[in-house]
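A.B. asks: Okay, handing you the structure first.
The values are calculated or read from the model by the stated rules, or taken from the named source; none is laboratory data. Everything quoted here is computed from the prediction, not taken from an experiment. A quick note on method: Cβ atoms are made from the backbone with ideal geometry, for glycine too, and the neighbour counts reach across all protein chains shown.
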Amino acid sequence: MARVRITLPDEPLFTTELQVRVSDINYGGHVGNDSILTLLHEARLIFYRSLGYKNEISFEGSVGQIITDAAIEYKAESFLGDNLKIQIFIDEVSKYGFEMLYKVTNRETEKEIARGKTGILCFDYEKRKVASVPASLLNKIVNKV
């Protein structure tokens with residue numbers, strides 16, 4: 001079986017930190033596979049807020065984003081109370097979207113926990129159809145990349 005491999009660009013665009021909560025822990029006593037995706041979602045929202053957006057569904061007017069795909073490459077366990085550093089990278093920018101990549105590291109031990117990728121597609125929530133990446137967002141992510 002081929003494993004998911006996520007290659008990251010050289011420099012992150014953004015870094016934030018999140019702490020592992022009790023709700024992130026599964027019956028195995030470590031962060032659940034589903035919780036990694038939730039932590040990436042939280043980091044993505046913090047990133048967008050750092051760019052001046054309130055949420056993911058209204059970058060410009062009724063144009064926001066939808067997730068077209070997601071992949072996670074698990075590297076190591078993480079436990080309750082761990083402080084995680086989450087770095088965000090942007091790649092494959094097109095007229096309608098881009099890839100957002102993530103690297104999750106234990107802040108104290110510097111051990112890599114996971115890598116992730118989400119396909120971001122811009123979407124007009126009023127018209128219910130795909131939209132171009134708003135110029136304001138494009139300028140912010142391209143100028144930082």
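A.B. asks: Of all residues in region 43-56, which are closer than 20 Å to Y74 by Cβ and either touching a strand residue (DSSP E or B) at 6+ places or on another chain (Cβ under 6 Å) or modelled with pLDDT under 95 (or both)?
C.D. replies: Within region 43-56, the first condition is being closer than 20 Å to Y74 by Cβ, and the residues that meet it are 43-44.
Of everything in region 43-56, just one residue is closer than 20 Å to Y74 by Cβ and either touching a strand residue (DSSP E or B) at 6+ places or on another chain (Cβ under 6 Å) or modelled with pLDDT under 95 (or both), namely A43.
A.B. asks: At least 3 residues that are touching a Phe, Trp or Tyr at 6+ places or on another chain (Cβ under 8 Å) and surrounded by 17 or more Cβ atoms within 10 Å (Cβ to Cβ) in each: list the strands (runs of 3 or more DSSP E) lying fully within region 6-95 that qualify. Can you show your working first?
C.D. replies: Details: elements: 14-19, 63-74, 83-91.
Here the list reads 63-74, 83-91.
A.B. asks: What's the total number of residues in region 58-95 that are on the phi > 0 side of the Ramachandran plot and under 17 Å from the mean Cα position of the chain (by Cα)?
C.D. replies: Of region 58-95, the ones on the phi > 0 side of the Ramachandran plot are 61, 81, 92.
Those still in the list that are under 17 Å from the mean Cα position of the chain (by Cα) too: 92.
Here the count works out to 1.
A.B. asks: List every residue pair whose Cβ atoms lie under 6 Å apart, where the two residues are 6 or more positions apart in sequence or sit on different chains, the first residue falls within region 65-90 and is over 17 Å from L45 (Cβ atoms) and among the β-branched types (V, I, T), and the second residue, located anywhere, is modelled with pLDDT of 95 or more and not in a strand (DSSP E or B).
C.D. replies: Qualifying pairs under 6 Å: I72/I36.
A.B. asks: Checking the condition without any contact (Cβ under 8 Å) to a residue 60 or more places away in the chain, within 22 Å of Y125 (Cα to Cα) and aromatic (F, W, Y), which residue from Y53, Y27, Y48 passes? Full working, then the answer.
C.D. replies: Values: Y53 fails: without any contact (Cβ under 8 Å) to a residue 60 or more places away in the chain; Y27 fails: within 22 Å of Y125 (Cα to Cα).
Exactly one of Y53, Y27, Y48 is without any contact (Cβ under 8 Å) to a residue 60 or more places away in the chain, within 22 Å of Y125 (Cα to Cα) and aromatic (F, W, Y), namely Y48.
A.B. asks: Same structure again: So, in region 96-145, exactly how many residues are crowded, with 16+ Cβ neighbours inside 10 Å, more than 19 Å from P12 (Cα to Cα), more than 14 Å from the chain's Cα centre (by Cα) and not β-branched (V, I, T)?
C.D. replies: 4
A.B. asks: While we're looking at this one, here's another question. What are the pairs with Cβ atoms under 8 angstrom where one residue, in region 106-120, is more than 18 Å from T38 (Cα to Cα) and the other, located anywhere, is crowded, with 18+ Cβ neighbours inside 10 Å and aromatic (F, W, Y)? Sequence gap at least six, or different chains.
C.D. replies: Partner pairs satisfying both residue conditions: none exist.
A.B. asks: Can you tell me how many residues within region 70-95 are touching a Lys or Arg at 6+ places or on another chain (Cβ under 8 Å), closer than 24 Å to K140 by Cα and of a type outside the set (K, R)?
C.D. replies: Residues flagged as touching a Lys or Arg at 6+ places or on another chain (Cβ under 8 Å), closer than 24 Å to K140 by Cα and of a type outside the set (K, R) within region 70-95 amount to 6.
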